[in-house]
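Input: a single structure, listed below in structure tokens.
The values are calculated or read from the model by the stated rules, or taken from the named source; none is laboratory data. Predicted model only: the values in this text are computed from it and were never measured. Cβ coordinates were reconstructed from backbone atoms using ideal geometry, including for glycine residues, and neighbour counts include every protein chain displayed. Each accessible area value is taken on the protein alone, full model and side chains, heavy atoms only, with ligands, DNA and RNA left out. Shrake-Rupley method; radii C 1.70, N 1.55, O 1.52, S 1.80 Å.
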Amino acid sequence: MIENETTEALVERICKATKAAAPQLARAGTAARNDALRAMARGIRDRAEFLKAENAGDVATGEAHGLSGAMIDRLRLTDRMIAQMAEGIDEVAALPDPIGGIERLSTRPNGLLVGRMRIPLGVIAIIYESRPNVTADAAALCVKSGNAVILRGGSEAIRSNVAIAGILREALAGAGLPEDAVSLVPRTDRAAIDALLTKEEYIDLVIPRGGEGLIRSVAEKSRIPVIKHYKGVCHVYVDEGAEIPLAVRVCVNAKAQRPGVCNAMETLLVHEGIASAFLPEAARALSAAGVAIRGCPETVRLVPDAVPAQAEDWGTEYLDLILAVRVVPSMDAAMEHIRKHGSLHTEAILTRDHARAMRFLREVDSSLVLVNASTRFNDGYQLGLGAEIGISTTKIHAFGPMGLTELTTTKFVAFGDGQVRQ
């Protein structure tokens, strides 16, 4: 870093270097990128003690500044977390390479053989909070998909992020690829984010990962396309005639397995025709898992321990062992509730009626819609992507978990035999 360099000048310099590195990385073959990824994983393993020492500084600072226990837990790098970071990079290296494949080939009446070749997006800026493992995960996915990346992590993990990025950059250089293909902004002031968001001549896409406030701020200020994921207000609808033991099992998993994640159920909708049979049994199972219920008047009547819900409960992402429950007169009413209060993230229907299940799939507008399964499955690994860089609730250009393919686009290619247009 240049001494006394302003934040604006630093960000400009990083952006220029990353933009210059992008075509070199995109031209590198699959073997070269995989070699670099495996070198990254080795570097993480070999420097584990260094990473723990740097991370200990972040943890100490966080504790001194009063970070919550949950935040400290997300921040801390243990031997297990470091091993998982390395394993995650190796897993990305083992995934199929999306770059260079030609899709949808067809011969046109003019004789041209036309297809679409998959290519990297270019330079991706990732703005994130708290978890230092995101530095390694995001860099690995971008390198594998041929994209250069600019990382800007949160202030609470600055020493950890700088240490991880340094190891990744050394691995790239050692593998013969440009180290600037993975860049990290080493400033934690908000001005660094604001500067990044104006660099549309260098950056092709911005992906913010963190709380709703961060994502809204990025989306409002950015001159660059942003993939957004504001929150996960996820619903499960228990249809009339649903299999009650199945429905109870799925609902407990959707709410209580990991309540602090974006694909946990936040609102349970129950058809009035099954409510009296289902809700007391479900409430007992949910209560045993530590879940507190905030319900509509009919829910409170059927579940005396439930607290009356307020209007704001229907759109709240609790990220906690709290569940909003509403009894609805029909599937149409359930779908209208989801349209009004949902966040386009994940919804599920529990039913034995195939036609109603298919209608729910067609008409509910979320990045994943499930039948007779937990909302917790909205995850790139669970859905077959191998890994993910986040879950998009924006429909352009990706909707749902973003894996390697979602970090690419296509260009048209055409093969001719001397054709000229008349």
Output the residues belonging to the stretch 124-183 that are of a type in the set (Gly, Ala, Ser) and more than 23 Å from Arg76 (Cα to Cα). Ala125, Ser145, Gly146, Ala148, Ala171, Ala173, Gly174, Ala175, Gly176, Ala181
Whether any residue in the stretch 140-162 is touching a Lys or Arg at 6+ places or on another chain (Cβ under 7 Å), modelled with pLDDT of 95 or more and open to solvent by 10 Å² or more (accessible area, probe 1.4 Å) is what I want to check. no
Within the stretch 215-228, is even one residue touching a residue at least 24 places away in the same chain (Cβ under 8 Å), in a helix (DSSP H, G or I) and basic (Lys, Arg)? yes
Inside the stretch 257-359, counting only strands (runs of 3 or more DSSP E) that do not spill past its ends, which hold 3 or more residues that are at pLDDT 95 or above and under 24 Å from Leu383 (Cα atoms)? 265-271, 346-350
Of the residues in the stretch 258-281, those that are loosely packed, with under 15 Cβ neighbours inside 10 Å and either small (Gly, Ala, Ser) or in contact (Cβ under 8 Å) with a residue 60 or more places away in the chain (or both) come to Arg258, Gly260, Val261, Ser276, Ala277
Flagged in the stretch 40-61 as over 18 Å from Val134 (Cα atoms) and buried (at least 17 other Cβ atoms within 10 Å of the Cβ), in numbering order, are none
Residues of the stretch 184-213 being over 30 Å from Ala373 (Cβ atoms), modelled with pLDDT under 95 and within 19 Å of the chain's Cα centre (by Cα), which ones? Gly213
Kindly check whether there is at least one residue in the stretch 68-83 that is in contact with a Gly (Cβ under 7 Å, 6 or more places away or on another chain), among the hydrophobic types (A, V, I, L, M, F, W, C), open to solvent by less than 60 Å² (accessible area, probe 1.4 Å) and closer than 18 Å to Asn147 by Cα. no
Restricting to the stretch 367-389, name every residue that is in contact with a Phe, Trp or Tyr (Cβ under 9 Å, 6 or more places away or on another chain) and small (Gly, Ala, Ser). Ser367, Ala387
Residues in the stretch 13-30 that are out of contact with any Phe, Trp or Tyr (no Cβ under 7 Å at 6 or more places or on another chain) and surrounded by fewer than 17 Cβ atoms within 10 Å (Cβ to Cβ) total 7
Residue check for Tyr202: in contact with a His (Cβ under 8 Å, 6 or more places away or on another chain) and either over 30 Å from Ile126 (Cα atoms) or not small (Gly, Ala, Ser) (or both): no
